Amino acid sequence: MVFGRRKRTITRLLICEDEPLIAFDNEHTLTEEGFEVVATVDRVSDALAVLNANADVHLILADVALADGSGIDLARHAHARGVAVIFCTGDCPADGKAFARGCLAKPYSPADLIGAIAAVDNHMQGRARPRRLPRGFSLFDQEAVA
């Protein structure tokens, strides 16, 4: 594939964000980029309900500080189900590295969000770590943490 895009394995996303403007912007950016947003929720309990309903979710974008709990708890549950997580938060949690694929620091641009998802997708497919990650993004090596 010389000029085309690489095939994505991450296509269906769940957004768990309690700031309405950020949630709306993320949803708009992702749908414009060709992703399917399975749901956009603002509570851990709602995100868990989506996962427990056996929704085919490939990646969760999770804020850490939510009204009814921690995005780390959501990531722990998702990790047990084999669903990847990127924390999108102002303060990346060190204690969440074992359960997430990376962390994108707020504020971030739409290009940084798309780049972070692409970096996680490539990493999950076993491709080499990119030379340059999006601004504010940390890619976690779960094998080294586990």
Taking segment 106-146 and keeping only residues that are open to solvent by less than 30 Å² (accessible area, probe 1.4 Å) and either in contact with a helix residue (DSSP H, G or I) (Cβ under 9 Å, 6 or more places away or on another chain) or of a type in the set (Gly, Ala, Ser) (or both), one is left with Leu113, Gly115, Ala116, Ile117, Ala119, Pro134, Phe137, Leu139, Phe140, Gln142
Apart from one, (1) within 22 Å of Glu32 (Cα to Cα); (2) open to solvent by 40 Å² or more (accessible area, probe 1.4 Å); (3) aliphatic (A, V, I, L, M) all hold for Ala80; the odd one out is (1)
Regarding segment 17-29, can at least one residue be identified that is out of contact with any Leu (no Cβ under 9 Å at 6 or more places or on another chain) and among the hydroxyl-bearing types (Ser, Thr, Tyr)?
no
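Residue-wise test of (1) within 16 Å of Ile86 (Cα to Cα); (2) of a type outside the set (Gly, Ala, Ser); (3) surrounded by 18 or more Cβ atoms within 10 Å (Cβ to Cβ).
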position: Glu19; (1), (2), (3): no, yes, no
position: Asp25; (1), (2), (3): no, yes, no
position: Glu32; (1), (2), (3): no, yes, no
position: Thr40; (1), (2), (3): yes, yes, yes
position: Ser45; (1), (2), (3): no, no, no
position: Ala49; (1), (2), (3): no, no, no
position: Ala53; (1), (2), (3): no, no, no
position: Asp56; (1), (2), (3): no, yes, no
Subset of segment 37-63, residues charged (D, E, K, R) and more than 22 Å from Cys92 (Cβ to Cβ), comes to Asp46, Asp56
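The values are calculated or read from the model by the stated rules, or taken from the named source; none is laboratory data. Note that the structure is a prediction, hence the values are computed from the model and not measured. Note: ideal-geometry Cβ built from the backbone for every residue, glycine included; neighbour counts use all protein chains shown. Heads up: the accessible areas ignore ligands, DNA and RNA and are worked out on the full protein's heavy atoms, side chains in. Shrake-Rupley method; radii C 1.70, N 1.55, O 1.52, S 1.80 Å.
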